[in-house]
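Colleague: Starting off with a structure, shown below.
The values are calculated or read from the model by the stated rules, or taken from the named source; none is laboratory data. Keep in mind that this is a model prediction, so the values were computed, not measured. Here the Cβ positions follow ideal geometry from the backbone for every residue, glycine too, while neighbour counts run over all protein chains shown. Just so you know, the surface numbers come from the protein's heavy atoms only, side chains and all, with ligands and any DNA or RNA stripped out. Shrake-Rupley method; radii C 1.70, N 1.55, O 1.52, S 1.80 Å.
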Amino acid sequence: MSIINTKGSGTPLPRKLRLGMVGGGDGAFIGAVHRIAARLDDRYEVVAGALSSNPERALASGTALRFDPSRCYADYREMARAESQRPDGIDVVAIVTPNHLHAPVATAFLEAGIHVICDKPLGIATAEGEALAALAREKNRVFALTHTYTGYPMVRHARELVAAGEIGDVRLIHVEYAQDWMAEAGPQSEQFQRTNWHNDPERAGPTGCTSDIGTHAFHLAGFVSGIQPNELLAELHSFTPDRVLDDHVQVMLRYPNGARGMLWSSQMATGCENALKLRVFGSKASLAFDQENPNELWLTPLGGSAQRLTRGRVRGAAAEHATRVPSGHPEGYLEAFAQLYRDAAARIHAVDAGLPVPAESADLPTVDDGVAGMRFIDAVLESDRGGSRWTALG
């Protein structure tokens, strides 16, 4: 029996894309995740980076990854300039820095004609995001945003079921993202609060938990349900003593079609690891997804019994495209992350060849999703500052 399921491998691509990275040097968790995800489907080779603004660390981190020393940069602007002029320069850059650098780094590489794959949130201000979206369109460059959880096959299957009308009209949406790492003693210490960028508005932006994981919850709800709220009522809170930014947010949502929703995200939820959960209730059935058990999706028809749908056994183009191995062989976070890189590669090759965007890459989150996330943050802040009043979501 073959272990690899080639149904989801997609159309063969002409060559590996040359990938650069800004941020993500030695010891950085998310940088390593991006590199693993990029390599998993053998569609990229990581060849250059500005892995640190410290020249010694940048060189040490780059050479540890077998970069040519001449392609170990300490300044992302120099990297964008130099790589755009090389005949073997990078095709795309991955941005894995703190939030405040997302927009300036992305701008530098878009201006140099280089495609972008960026961590969320898109920046620290909506105006930054809107400018990036305009620039990406002007330069005709792919701009992918790593809302990782949309890469799971069962999340894509849920989206397909809703779009096909299998659960009927969407009435209720409940999404939560709960962690407890901020409840631990270390992150509550005075030193952590004073020095960590997650609590610094200059580097993290105007919110903490909301930007960090609330935007993931917001995007997942819209990705699966196919609808976006037009109003929200929000409360931000910090349980951590002397914390500047929020570590907890709760939001009520109203949708143009009359649907109602609830979103809460917390990094103070004792006992929770990475508990991202979504439930969507329609007029005919409901769906439930738990990120910590990503190989299954629960479908419950009105008046019927709950059905456990599993990755590798559902029939649907979206899930099959994102599936690598047969049923019973678990796939998880790294594969979901890799799915975004796979879809980005397909788009980049198409754009560079002057071809239409491949249909199978339609689920890739883009800069426009990032703008929607920034507008969500703005509305949450406005509602909270106004005493948790209903606020239009632009």
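Colleague: Taking region 182-200, which residues are surrounded by 15 or more Cβ atoms within 10 Å (Cβ to Cβ), touching a residue at least 40 places away in the same chain (Cβ under 8 Å) and not charged (D, E, K, R)?
Modeller: Scanning region 182-200 gives Met182, Ala183, Pro187, Gln188, Gln193, His198, Asn199.
Every residue, every condition in (1) of a type outside the set (Asp, Glu); (2) within 19 Å of the chain's Cα centre (by Cα); (3) at pLDDT 95 or above, yes or no:
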| position | (1), (2), (3) |
| --- | --- |
| Tyr333 | yes, yes, yes |
| Ala338 | yes, yes, yes |
| Arg342 | yes, yes, yes |
| Arg347 | yes, yes, yes |
| Asp352 | no, no, yes |
| Thr366 | yes, yes, yes |
| Asp369 | no, yes, yes |
| Phe376 | yes, yes, yes |
| Glu382 | no, no, yes |
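Colleague: I would also like to ask the following. Determine the pairs where a residue that is closer than 16 Å to Ser283 by Cβ, located within region 155-166, has a partner that is open to solvent by less than 30 Å² (accessible area, probe 1.4 Å) and in a helix (DSSP H, G or I) with Cβ atoms under 8 Å apart, the partner being 6 or more residues away or on another chain.
Modeller: Val162/Val224; Val162/Ser225
Colleague: Then there's this: For a quick check of your reading of the model, give me the residue pairs whose first member lies in region 346-372 and is within 20 Å of Lys120 (Cα to Cα), whose second is open to solvent by 70 Å² or more (accessible area, probe 1.4 Å), with beta-carbon atoms closer than 8 Å and at least 6 apart or on different chains.
Modeller: Arg347/Val357; Asp363/Arg159; Val371/Glu130; Ala372/Gln228
Colleague: Also, quick follow-up: Which ones in region 118-141 are open to solvent by less than 10 Å² (accessible area, probe 1.4 Å) and either in a helix (DSSP H, G or I) or among the small types (Gly, Ala, Ser) (or both)?
Modeller: If we filter region 118-141 for residues that are open to solvent by less than 10 Å² (accessible area, probe 1.4 Å), which is where we start, we get 118, 121-123, 129, 132-133, 136.
Listed by number, the residues that qualify are Gly123, Gly129, Leu132, Ala133, Ala136.
Colleague: Within region 303-326, does at least one residue satisfy the condition of being in a helix (DSSP H, G or I), open to solvent by 60 Å² or more (accessible area, probe 1.4 Å) and more than 19 Å from Gly214 (Cβ to Cβ)? Lay out the reasoning, then the answer.
Modeller: Kept after step one, since they are in a helix (DSSP H, G or I), are these residues of region 303-326: 317-321.
Filter once more, so that each one left must be open to solvent by 60 Å² or more (accessible area, probe 1.4 Å): 317.
With more than 19 Å from Gly214 (Cβ to Cβ) added as a condition, the list becomes 317.
Yes: region 303-326 contains one or more residues that are in a helix (DSSP H, G or I), open to solvent by 60 Å² or more (accessible area, probe 1.4 Å) and more than 19 Å from Gly214 (Cβ to Cβ).
Colleague: Related question: Is it the case that Asp75 is under 19 Å from Phe337 (Cβ atoms), in contact (Cβ under 8 Å) with a residue 12 or more places away in the chain and open to solvent by 30 Å² or more (accessible area, probe 1.4 Å)? I'd like the intermediate steps shown before the answer.
Modeller: Details: under 19 Å from Phe337 (Cβ atoms): no; in contact (Cβ under 8 Å) with a residue 12 or more places away in the chain: yes; open to solvent by 30 Å² or more (accessible area, probe 1.4 Å): yes.
It is false that Asp75 is under 19 Å from Phe337 (Cβ atoms), in contact (Cβ under 8 Å) with a residue 12 or more places away in the chain and open to solvent by 30 Å² or more (accessible area, probe 1.4 Å).
Colleague: Another one. Taking the criterion of being over 16 Å from Asn99 (Cβ atoms) and touching an Asp or Glu at 6+ places or on another chain (Cβ under 9 Å), would at least one residue in region 197-211 satisfy it?
Modeller: Of region 197-211, the ones over 16 Å from Asn99 (Cβ atoms) are none.
No, region 197-211 contains no residue that is over 16 Å from Asn99 (Cβ atoms) and touching an Asp or Glu at 6+ places or on another chain (Cβ under 9 Å).
Colleague: Filter region 80-103 down to the residues that are assigned to a helix (DSSP H, G or I), of a type outside the set (A, V, I, L, M, F, W, C) and closer than 23 Å to His216 by Cβ and list them by number. Can you show your working first?
Modeller: In the first step, residues of region 80-103 are kept if they are assigned to a helix (DSSP H, G or I); the result is 80-85, 99-103.
Within this subset, residues satisfying the condition of being of a type outside the set (A, V, I, L, M, F, W, C) are 81, 83-85, 99-100, 102.
The answer is Asn99, His100, His102.
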